[in-house]
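Student: Okay, handing you the structure first.
The values are calculated or read from the model by the stated rules, or taken from the named source; none is laboratory data. Please read these numbers as outputs of a predicted model, since none were measured by experiment. Positions of Cβ are backbone-derived with ideal geometry, glycine not excepted, and every protein chain shown enters the neighbour counts. Each accessible area value is taken on the protein alone, full model and side chains, heavy atoms only, with ligands, DNA and RNA left out. Shrake-Rupley method; radii C 1.70, N 1.55, O 1.52, S 1.80 Å.
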Amino acid sequence: MKPATLLSVSLLVTLFACSFVKATDNPQSEPLIAYPNYTGQYTGFSLVLDERFDHFDESIWKKGDGAVGGESACRFRDQGIQIADGVLELVVRKENVQPGWSEDHQQQKNEYDFSCGELRTLNDKKIRYGRIETRMKAPARAQASGYISSLFTYTNDFDRHAPDKGIQEWEEIDVELEGGRPDKFQANLIYGRNTWEWFRTRNFGAWEDKISVGPVDEWRVFAIEWVPDAIRWYVDGKLVKTLAQSELDCQPTCLPPQKHPTPIPDNPTNIFMNFWIPKDAIQDNFGGNKKNNVYPMTTRYDWIRYYQLDSHPVTGW
């Protein structure tokens, strides 16, 4: 085949491939890379946030300064967040982190041997129902065997120092990628009342499912669709899990370890992304053994979108 013919075929293949990944409702100048036949349009939902990570937008995002309870071997620090070439990078580094006060947790934190990164929406940018989707990529499995990288919603306003404030609800919906399961993701619903301790949420059920979806250390589009009577998880446009309110109601009885009916979350909440490594005590059960980790290690987010549920519009955006 002549060189000119080869060039023509190559150009046609490139144009054909690109035609599959341009979002038709993209308000920005650059095409949105997603998956074949992605449109970015969903009946009953309207696009509110279209974040391409061209810069750090302080009107939307806040950097975390805490840690993931007693499970994390790293503390969230500013250096765990960087933006490069239109991509958000959350980074785990092996470095000393001195003890210090956490504004997020309103308590003193101990010394850590690793730093890591967390990003969340500001408190005046809360959401209630809708669809959240992101194109993300976990670190390569050859250099990252123990980590958790995520997209999730979370609220828990419980004040351990003032338990008489009334009922406070822990409401969380997760996409979690683990180094120990590089071809799966974990879909979670976590719910609890009047507690800041994860193990107490088990009274309301362990709504966690590890779903095979193929390599998560390649670019994938994960989505959470949250409506009043159900939560749905999608990967590259494919529905992979549905959790309906009828499954949470303990009818006719609760299935252990669940002891109480669990509602679909209904409180305003923040959007989070974080990347961290588990402590040795839990790594073989959750996150993965860290023995093959090479630091610094990075999870990447190409873009994130939030669509409001039109029947429950958000304010403040």
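Student: Most fluctuating residue of G180, G80, G100 in a GNM of the chain with Cα springs under 10 Å: which is it?
Tutor: Highest fluctuation among the options: G100.
Student: Turning to a different aspect of this structure: Give the lysines whose C-alpha is closer than 22 Å to that of K62, dropping any in the same chain fewer than 8 places away, or say none.
Tutor: K109, K125, K126, K137
Student: Would you work out what percent of the accessible area of region 52-160, with all protein chains in place, is carbon or sulfur (probe 1.4 Å)?
Tutor: 42
Student: Per DSSP H run of n ≥ 4, the term is -39500 (n - 2.57); total these for the chain, divide by its residue number, and report the mean residue ellipticity at 222 nm rounded to 500 deg cm²/dmol.
Tutor: Value at 222 nm, helices only: -1500 deg cm²/dmol.
Student: Using 0.36 nm times the number of residues separating W101 and D266, minus their current alpha carbon distance, what extension gain do you get?
Tutor: Numbers: separation 165, 0.36 × 165 = 59.40 nm, distance 3.11 nm.
This chain segment gains 56.3 nm when fully extended.
Student: Let me ask something additional. Taking the Cα centre of region 163-317 as origin and charging only Cβ (+1 Lys, Arg; -1 Asp, Glu), how large is the dipole, in debye to the nearest 20? Mind dumping the intermediate values first?
Tutor: Working: 17 positive and 23 negative charges, 73 e Å.
Result for region 163-317 is approximately 360 debye, rounded to the nearest 20.
Student: So, one more: Would you work out if region 219-288 is rounded, prolate or oblate? Take a ≥ b ≥ c from the square roots of the eigenvalues of the alpha-carbon gyration tensor; rounded if a/c is under 1.5, else prolate when a/b is larger than b/c, oblate otherwise.
Tutor: Verdict is oblate for region 219-288.
Student: Another question, then. When all protein chains stay in place, what accessible area (Å², nearest 10, 1.4 Å probe) is found for T299?
Tutor: 0
Student: Could you tell me which of L88, I282, G66 has its Cα farthest along the dipole of the chain towards the positive end, charges placed at Cβ (Lys, Arg +1; Asp, Glu -1), taken about the Cα centre?
Tutor: I282
Student: I'm spelling it out carefully: the read-out is Kirkwood radius over Cα pairs in Å, the candidates are (i) 19.4; (ii) 23.0; (iii) 20.7, and one was derived from this structure. Which label?
Tutor: Checked against the structure: label (iii).
Student: Would you calculate the separation in nanometres between label points at A230 and D310, each defined as 7 Å from the Cα along the Cα-to-beta-carbon direction?
Tutor: The answer from the label model is 1.9 nm.
Student: Charges only on Cβ, +1 for Lys and Arg, -1 for Asp and Glu: so what's the dipole of the chain about the Cα centre, in debye to the nearest 20?
Tutor: 700
Student: Among rounded, prolate and oblate, which fits region 38-91 when a ≥ b ≥ c are the square roots of the eigenvalues of its C-alpha gyration tensor, a/c under 1.5 means rounded, and a/b larger than b/c means prolate?
Tutor: prolate
Student: Classify region 68-164 as rounded, prolate or oblate from the Cα gyration tensor: take a ≥ b ≥ c as the square roots of its eigenvalues, call it rounded if a/c is under 1.5, otherwise prolate when a/b beats b/c and oblate if not.
Tutor: Values: a/c = 1.92, a/b = 1.13, b/c = 1.70.
Because a/c hits 1.5 or more and a/b fails to exceed b/c, region 68-164 counts as oblate.
Student: Gaussian network model of the chain, Cα springs within a sub-10 Å range: biggest mean-square fluctuation belongs to which of E176, E247, E133?
Tutor: Result: E247 has the largest fluctuation of those listed.
Student: Picking from S212, S59, S150, which is most flexible by a Gaussian network model of the chain using Cα springs under 10 Å?
Tutor: Per the Cα network of the chain with a 10 Å cutoff, S59 tops the list.
Student: Angle, helix 3-18 long axis vs. longest principal axis of the chain, Cα atoms, 0 to 90°, nearest 10?
Tutor: The answer is roughly 30 degrees.
Student: Further, regarding this structure: May I ask you to compute the full-extension gain from Y295 to Q245, defined as 0.36 nm times their residue separation minus their alpha-carbon distance, rounded to one decimal in nm?
Tutor: Going from the current span to full extension adds 13.8 nm.
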